[in-house]
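*Asks:* Next up is a structure, given as structure tokens.
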Protein chains: 2
Amino acid sequence: MDIQAYMQEVGRKARLASRAMAKAETRAKDAALLAIAAGIELNAKDLLAANARDMEQARADGLEPALLDRLQLTEKTIASMAEGLRQIASLRDPIGEMGDFKFRPSGIQVGKMRVPLGVVGIIYEARPNVTADAAGLCIKSGNATILRGGREAFHCNQAIAQLVKAGLAEAGLPEAAVQIIETPDRAAVGELITMTEFVDVIVPRGGKGLIERISKDARVPVIKHLDGICHVYIDDEADTDKAIRIADNAKTHRYAPCNTMETLLVHANAAQRTLLPLADIYRSKGVELRGCAATRDLLPDAIPATEEDWRTEYLAPILSIRIVADLDMAIDHINTWGSHHTDAIVTENYTKARRFLREVDSSSVMVNASTRFADGFEYGLGAEIGISTDKIHARGPVGLEGLTSEKWIVLGNGEVRA
Amino acid sequence: MDIQAYMQEVGRKARLASRAMAKAETRAKDAALLAIAAGIELNAKDLLAANARDMEQARADGLEPALLDRLQLTEKTIASMAEGLRQIASLRDPIGEMGDFKFRPSGIQVGKMRVPLGVVGIIYEARPNVTADAAGLCIKSGNATILRGGREAFHCNQAIAQLVKAGLAEAGLPEAAVQIIETPDRAAVGELITMTEFVDVIVPRGGKGLIERISKDARVPVIKHLDGICHVYIDDEADTDKAIRIADNAKTHRYAPCNTMETLLVHANAAQRTLLPLADIYRSKGVELRGCAATRDLLPDAIPATEEDWRTEYLAPILSIRIVADLDMAIDHINTWGSHHTDAIVTENYTKARRFLREVDSSSVMVNASTRFADGFEYGLGAEIGISTDKIHARGPVGLEGLTSEKWIVLGNGEVRA
């Protein structure tokens with residue numbers, strides 16, 4: 001198989017399909033989503049069988065238990081795939097929305113229209129549910145998409161692809177609007193991320209290693225998420241109850257998500273009243289504490305923290321703690337060592353809250369709320385294709401709108417440039 | 001000189017300065033802009049002297065007349081540099097604007113704040129006026145910037161840089177907010193476009209060759225403009241007067257700009273009444289006409305057009321003409337051969353106008369107006385850093401807002417994730 005020729009053909013078909021998708025009516029896109037959801041439920045047995053083949057191979061290949069877990073389909077995950085598609089169908093269609101029309105002195109009237117990006121390439125690990133989810137988001141946002149899932153999920157992804165194609169056809173939309181790459185060859189990814197004539201944006205979903213590799217080699221723009229080194233800063237004017245509740249939840253609600261707190265910053269004057277009770281909570285939940293010298297004066301059992309800790313995303317029951325002299329030091333720590341993801345201040349002081357919001361350079365900045373809220377569903381986006389730690393195009397949780405762009409519309413009556 | 005070490009130092013300083021710029025007050029930024037404008041006027045003689053040195057060298061090096069023309073500073077261009085800075089000062093400050101705050105079922109309130117991108121790298125040819133203009137736009141939008149002008153303008157750019165630094169210092173802003181690369185070594189550009197830790201976006205301004213080279217090698221995201229292959233489509237339901245006025249203006253107002261029409265598409269039923277008078281106008285203005293077979297039936301003196309013409313940006317008094325059977329063929333021609341820049345339909349038919357707006361995949365789409373209006377000033381942006389033919393981040397004329405991003409703001413009262 002000539003991978004380059006194959007991918008060029010996939011790209012050409014996607015570009016053509018993207019034109020039909022861009023002008024597709026809302027009801028056709030929603031009909032496709034509902035048909036795919038129904039198809040997934042109706043063919044649950046076939047999906048489970050295809051998944052069983054993948055699981056068997058993956059076990060034989062010695063895949064890690066955590067990865068096997070993500071690869072596994074169950075009746076419950078199949079039901080939630082279908083439910084996710086129905087939710088996407090219920091979202092407002094952003095495409096074609098127009099607004100902001102203003103008359104200019106020349107007589108023309110200038111506004112904007114929301115349009116799809118065109119062709120979206122999505123590269124992800126062996127998680128079959130992402131296949132349906134990503135396809136659904138791209139259909140609703142009027143994009144064509146080229147999906148490349150982890151090789152371990154190959155059979156299952158192909159089975160889902162058939163159901164997606166059937167749903168698109170049923171709704172009168174081009175089957176090539178969603179294509180799943182049919183070869184496990186890695187060279188296909190290399191082609192996908194460099195075909196600038198056919199692909200408008202790449203969204204990698206997965207571990208940092210995958211995303212760094214893709215960003216390094218891509219010629220197509222990438223919407224990406226690298227680290228989530230999130231902070232909570234407890235100010236000296238923090239309400240003690242709120243501080244404890246938030247710092248507990250931000251760390252211990254779940255350890256693996258990117259919006260979990262990794263470093264707790266505490267104003268010296270708030271340390272005694274907040275750190276001591278928090279340390280009890282953390283210890284009771286088995287969280288390892290690492291602290292600066294001042295922290296260890298207060299919590300002698302904490303392990304010494306180094307600069308390496310300030311820049312580490314543990315994704316584990318480990319927390320680094322630093323006692324700071326003031327708000328400036330907290331903001332400076334966050335902007336220096338953080339990953340510009342999500343950071344929160346706990347304070348009752350209006351001016352410090354306002355400064356924190358303005359000066360912390362992160363995609364989500366919060367006052368008196370847990371960093372765990374940084375999420376497309378919690379923000380009301382309805383669905384999420386990922387979280388961007390980039391500043392270009394989309395920042396923070398990326399929903400349907402992140403898969404769109406705006407073009408300028410000029411309405412005239414024969415005006416010409418003088 | 002160790003270029004890599006030098007550029008790393010420039011990058012580090014820019015990143016640091018970007019933090020101060022992000023929180024700078026509107027009045028400080030405006031004070032800097034006004035101080036730089038005054039400095040430029042006050043030191044006009046020194047700027048002319050520095051420019052004379054550059055001109056002398058450029059002439060000795062045999063620079064083309066058109067490039068010499070752009071390099072040349074005059075009292076008039078100096079005055080308009082100062083005026084441009086004053087205009088930027090008068091624009092609304094987009095930074096820190098907040099809005100769209102909505103309460104969510106969890107109790108948190110979610111909104112957005114407009115923020116600078118951070119560090120903007122601008123690479124341009126030997127046009128000293130761009131130095132002041134680009135510095136001004138970055139200051140107002142709260143970014144730090146690293147400027148790299150064409151080597152031929154070296155002395156003049158350094159002289160402007162001194163005035164910019166003085167203006168920043170006078171307003172209490174960091175001098176490193178605007179840095180001009182102090183070496184003509186080309187390796188500096190290679191560093192600039194790959195320092196992802198210090199630079200957030202690259203804006204190249206110049207010819208297609210420069211922009212293609214930069215896009216190819218950049219690791220930092222690029223906001224770019226490649227071709228301007230713009231179309232006017234005269235529909236069979238076009239008003240004849242509007243059609244002739246617009247097709248004349250779009251081609252002959254100026255030949256070099258990117259928003260000038262390069263291909264005229266005419267519905268077969270409108271050809272007789274519009275193409276014959278238009279051909280007279282074009283001939284009288286010395287525009288060479290190239291046409292499809294049907295066009296040449298009507299205009300026997302037109303040169304045969306080939307596919308190569310449909311994909312060529314002439315930037316010259318040359319026009320290709322194609323007679324099409326219907327709106328679908330016009331849209332298909334534009335989406336296939338155009339450059340997604342600016343395209344206009346002339347029609348009195350509501351449904352065809354609406355379809356054209358929706359289906360033409362270009363950064364500006366117009367009804368009954370000249371493509372020459374695609375411009376930041378004409379659209380009311382007040383200033384323009386460039387025109388983007390990309391779909392990601394910014395599309396079409398890019399003003400201050402294109403140099404910004406939005407972060408999420410969450411206001412809570414102690415809420416945690418359940």
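Nothing in this text is a laboratory measurement; each read-out follows from the coordinates by a stated rule. In this text, all values refer to a predicted model and were calculated from it rather than measured experimentally. Note: ideal-geometry Cβ built from the backbone for every residue, glycine included; neighbour counts use all protein chains shown.
*Asks:* Could you tell me which residue out of A:Val10, A:Ala153, A:Thr274 lies farthest along the dipole of chain A toward its positive end? Charges go on the beta carbon: Lys and Arg +1, Asp and Glu -1, centred on the Cα centre.
*Replies:* Checked the options; the winner is A:Val10.
*Asks:* Now, a different point. Take the rotation relating chain B to chain A, measure from its axis to every Cβ in chain B, and name the nearest residue with the distance in whole Å.
*Replies:* So the closest residue, with its distance, comes out as B:His393, 2.
*Asks:* At 0.36 nm per residue, and after removing the present C-alpha to C-alpha distance, how many nm does the segment from B:Thr336 to B:Ile281 gain when stretched out fully? Please list the in-between numbers first.
*Replies:* On the way: separation 55, 0.36 × 55 = 19.80 nm, distance 2.83 nm.
Extending this stretch completely gives an extra 17.0 nm.
*Asks:* In debye, nearest 20, what is the charge dipole magnitude of region A:29-99 about its Cα centre with +1 on Lys and Arg Cβ and -1 on Asp and Glu Cβ, if you could check?
*Replies:* Working: 8 positive and 12 negative charges, 21 e Å.
With Lys and Arg at +1 and Asp and Glu at -1, about 100 debye.
*Asks:* Let a ≥ b ≥ c be the square roots of the eigenvalues of the Cα gyration tensor of region B:230-373; is it rounded (a/c under 1.5), or, if not, prolate (a/b larger than b/c) or oblate?
*Replies:* Details: a/c = 1.35, a/b = 1.19, b/c = 1.13.
Judged from the Cα gyration tensor, region B:230-373 comes out rounded (a/c under 1.5).
*Asks:* Can you give the extra length, in nm with one decimal, that the chain gains between A:Ile3 and A:Ala256 once fully stretched, where that is 0.36 nm per residue apart less the Cα-Cα distance?
*Replies:* On the way: separation 253, 0.36 × 253 = 91.08 nm, distance 3.60 nm.
Gain in length upon complete extension: 87.5 nm.
*Asks:* Another question, then. Using Stokes-Einstein with the Kirkwood hydrodynamic radius over Cα pairs, what translational diffusion coefficient do you get for region B:146-253 at 25 °C and a viscosity of 0.890 mPa s, in µm²/s rounded to a whole number? Present the calculation step by step, with values, prior to reporting the outcome.
*Replies:* Working: Rh = 17.4 Å.
This corresponds to a translational diffusion coefficient of 141 µm²/s.
*Asks:* Magnitude of the Cβ-charge dipole of the protein assembly as shown, K/R +1 and D/E -1, about the Cα centre, nearest 20 debye? Intermediate values should be presented prior to the final figure.
*Replies:* Working: 100 positive and 116 negative charges, 140 e Å.
About 680 debye.
*Asks:* Let me ask another. Roughly what % of DSSP beta bridges within chain A run antiparallel, to the nearest 5? The partial results should precede the final answer.
*Replies:* Values: 15 of 53 bridges.
Antiparallel bridges make up about 30 percent of those DSSP assigns within chain A.
*Asks:* Return the Rg/Rh ratio of region B:72-135 with Cα-based radii and a Kirkwood Rh. Mind showing how you got there, number by number?
*Replies:* Values: Rg = 19.1 Å, Rh = 15.3 Å.
Value, to two decimals: 1.25.
*Asks:* Applying 1/(1 + (r/R0)^6) with R0 = 30 Å to the Cβ-Cβ distance of A:Ala79 and A:Ala169, what FRET efficiency is obtained, to the nearest 0.05? Write out the running numbers ahead of the final one.
*Replies:* On the way: r = 24 Å, r/R0 = 0.79.
Between A:Ala79 and A:Ala169 the formula returns 0.80.
*Asks:* Under 12 Å Cα-Cα from A:Lys102, which aspartates and glutamates qualify once same-chain neighbours fewer than 8 residues away are excluded?
*Replies:* Within the straight-line cut-off, A:Lys102 pairs with B:Glu378.
*Asks:* Give the residue from A:Ile95, A:Pro184, A:Ser362 lying farthest towards the positive end of the charge dipole for the protein assembly as shown; charges sit on Cβ (+1 for Lys and Arg, -1 for Asp and Glu) and the dipole is referred to the Cα centre.
*Replies:* Of the options given, the answer is A:Ile95.
*Asks:* Based only on the alpha carbon positions, what is the Kirkwood hydrodynamic radius of region A:277-340, in angstrom? The partial results should precede the final answer.
*Replies:* On the way: mean 1/r = 0.0806 Å⁻¹.
In region A:277-340 this quantity evaluates to 12.4 Å.
*Asks:* What shape does chain A take by its C-alpha gyration tensor, where a ≥ b ≥ c are the square roots of the eigenvalues and a/c under 1.5 counts as rounded, a/b above b/c as prolate, and the rest as oblate? Display every interim value, and only then the final one.
*Replies:* On the way: a/c = 2.24, a/b = 1.41, b/c = 1.59.
It is oblate, given that a/c is not under 1.5 and a/b is not larger than b/c.
*Asks:* After finding the eigenvalues of the alpha carbon gyration tensor for region B:115-201, what semi-axes result from the square roots of 5 times each, listed largest first in whole Å? Walk me through the numbers on the way to the answer.
*Replies:* Values: eigenvalues 69, 58, 22 Å².
Ellipsoid half-lengths, sorted descending, are 19, 17, 10 Å.
*Asks:* Moving to a separate point now. Taking only DSSP H segments of four or more residues, each worth -39500 (n - 2.57), what value at 222 nm results for chain A once the sum is divided by all its residues, to the nearest 500 deg cm²/dmol? Walk me through the numbers before you get to the answer.
*Replies:* Numbers: 15 runs with 184 residues, N = 418.
Only helices count here, giving -13500 deg cm²/dmol.
*Asks:* Same structure, new question: Mind listing the long-range amide H neighbours of B:Arg290? Cut-off is under 5 Å, sequence gap 5 or more, other chains count too, H placed in the peptide plane at 1.01 Å from N.
*Replies:* Amide H to amide H, under 5 Å and 5 or more residues apart or across chains, B:Arg290 pairs with B:Ile303, B:Leu319, B:Ser320, B:Ile321.
*Asks:* For the residues B:Phe373, A:Phe198, what sequence is obtained by ranking on other C-beta atoms within 10 Å, fewest first? Could the numbers behind the result be given before it?
*Replies:* Details: B:Phe373 28, A:Phe198 24.
Final ranking by Cβ density, sparse to dense: A:Phe198, B:Phe373.
*Asks:* Taking Rh as the Kirkwood radius computed over C-alpha pairs, what is the Stokes-Einstein D of region B:1-133 at 4 °C in a medium of viscosity 1.567 mPa s, expressed in µm² per second? Kindly include the intermediate steps, with their values, before the conclusion.
*Replies:* Numbers: Rh = 18.3 Å.
Reported coefficient: 71 µm²/s.
*Asks:* Further question: Give the shape of the protein assembly as shown as rounded, prolate or oblate, defined through the alpha-carbon gyration tensor: a ≥ b ≥ c are the square roots of its eigenvalues, a/c under 1.5 means rounded, and otherwise the shape is prolate if a/b is larger than b/c and oblate if not.
*Replies:* Values: a/c = 2.03, a/b = 1.23, b/c = 1.66.
Judged from the Cα gyration tensor, the protein assembly as shown comes out oblate (a/c at least 1.5, b/c at or above a/b).
*Asks:* Here's something else I'd like to know. What ranking of B:Tyr350, A:Tyr255, B:Tyr314 emerges when the number of other C-beta atoms within 10 Å of each C-beta is taken as an exposure proxy, fewest first? Working shown, then result.
*Replies:* Working: B:Tyr350 10, A:Tyr255 16, B:Tyr314 20.
If I rank by nearby Cβ atoms, fewest first, I get B:Tyr350, A:Tyr255, B:Tyr314.
*Asks:* Quick one: of A:Lys112/B:Lys13; A:Lys352/B:Lys140; B:Lys216/B:Lys352, which pairs are farther than 32 Å apart, Cα to Cα? It would help to have the intermediate numbers written out before the result.
*Replies:* On the way: A:Lys112/B:Lys13 37 Å; A:Lys352/B:Lys140 25 Å; B:Lys216/B:Lys352 39 Å.
Exceeds cut-off: A:Lys112/B:Lys13; B:Lys216/B:Lys352.
*Asks:* Still on this structure: List the distances, in nm and shortest first, from the label point of B:Arg254 to the matching label points in every other copy, placing each point 7 Å from Cα along the Cα-to-Cβ direction.
*Replies:* 5.4
*Asks:* Give me a comma-separated list of calculated 3J(HN,Hα) values for region B:223-235, in order, Karplus coefficients 6.51, -1.76, 1.60 applied at θ = phi - 60°, integers in Hz, x for any Gly or Pro.
*Replies:* In residue order, the calculated couplings are 9, 9, 10, 9, 8, x, 9, 9, 10, 10, 10, 9, 7 Hz.
*Asks:* While we're here: Distances in nm, one decimal, shortest first, from B:Leu42 to the same residue in every other copy, taking the label point 7 angstrom along Cα→Cβ.
*Replies:* 7.9
*Asks:* When a footprinting reagent is the concern and you count Cβ atoms within 10 Å, what order do B:Thr404, A:Thr295 take, fewest first? Kindly include the intermediate steps, with their values, before the conclusion.
*Replies:* Working: B:Thr404 19, A:Thr295 23.
Sorted ascending by nearby Cβ count, the order is B:Thr404, A:Thr295.
*Asks:* Can you pull the Rg over Rh of region B:112-151, Cα-only, Kirkwood?
*Replies:* Answer for region B:112-151: 1.05.
*Asks:* Which percentage, to the nearest 5, of the DSSP beta bridges contained in the protein assembly as shown is antiparallel?
*Replies:* Roughly 25 percent of the DSSP beta bridges within the protein assembly as shown come out antiparallel.
*Asks:* Using the alpha-carbon centroid of each, what span in Å lies between region B:164-224 and region B:1-78?
*Replies:* So the separation of the two Cα centres works out to 12 Å.
*Asks:* Less than 18 Å apart at the alpha-carbon level, and either on another chain or at least 8 residues along: which aspartates and glutamates does that give for B:Lys285?
*Replies:* The reachable aspartates and glutamates, counting only those whose Cα sits under 18 Å from B:Lys285, are B:Asp248, B:Glu262, B:Asp301.
*Asks:* What ³J(HN,Hα) values, in whole Hz, does the Karplus curve 6.51 cos²θ - 1.76 cosθ + 1.60 give for region A:385-400 when θ = phi - 60°, with x put for Gly and Pro?
*Replies:* Once θ is set to phi - 60°, the couplings for region A:385-400 become 8, x, 10, 9, 9, 7, 9, 7, 6, 9, 10, x, x, 10, x, 3 Hz.
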